[in-house]
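The values are calculated or read from the model by the stated rules, or taken from the named source; none is laboratory data. Since the model is a prediction, treat every value here as computed from it, not as a measurement. Counting neighbours? That spans all protein chains shown, and the Cβs are built from the backbone with ideal geometry, glycine included.
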Amino acid sequence: MTSTIDDKRIATAIYTVNRHAKTAIDSKPLYELKKLALHKMLTENKAKKVGLHFVRKPKNSQQQSSVLIQCADYYFHIIPIKEDFKNLPHLGHLDDTYRNPIRKMNLRMAKELLSDYIGPQPIIRESSKQSTKYTQKYSKTYKSSNQSSKSYLDR
């Protein structure tokens, strides 16, 4: 019984992380946490792969698919591996009428719960080009505005 409750809490934590990742500026660490937690649940048979779905907005206008995973009473999508195309049925397009249950969990608590669940992982941190460009642009603007205010004060 406690295993089912723990599985629901973990699924709720994955749902929370996934929901925040969709609007985060740097979503990569959140999606990575989701992926690692789902893979661990799959290996422990606490989640199962249901089938493949077409991706709603594929990149480069090429048709793509994602794996639908059932975890407790939630459904999630992850990137498929080659074996998934051989072993899973293709379910076609997403059912837009279905929504995951809404349960509230603090993002910090969800991240802690998933981090404890998956255990220590090597951290690979890549800075995105966009954030680097923004930082460089901001620092140039900040420096130039400071210099102009200094020259104004020196007068």
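Residues are listed down the side, and each one gets a yes or a no for (1) surrounded by 15 or more Cβ atoms within 10 Å (Cβ to Cβ); (2) under 24 Å from LYS8 (Cα atoms); (3) not assigned by TED's automatic domain parsing to the domain that holds ARG9:
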| residue | (1), (2), (3) |
| --- | --- |
| ALA37 | yes, yes, no |
| LYS40 | yes, yes, no |
| LYS49 | yes, yes, no |
| PHE54 | no, no, no |
| ILE69 | yes, yes, no |
| HIS90 | no, no, no |
| THR97 | no, yes, no |
Helices (runs of 4 or more DSSP H) fully within the stretch 1-106 counting 2 or more residues that are under 27 Å from PRO120 (Cβ atoms), under 16 Å from the mean Cα position of the chain (by Cα) and not hydrophobic (A, V, I, L, M, F, W, C): 2-21, 28-43
For the stretch 12-28: of the residues being touching a residue at least 60 places away in the same chain (Cβ under 8 Å) and out of contact with any strand residue (DSSP E or B) (no Cβ under 8 Å at 6 or more places or on another chain), which is farthest from ASP116 (Cα to Cα)? ILE25
Answer yes or no as to whether LYS59 is surrounded by fewer than 14 Cβ atoms within 10 Å (Cβ to Cβ) and modelled with pLDDT under 90. yes
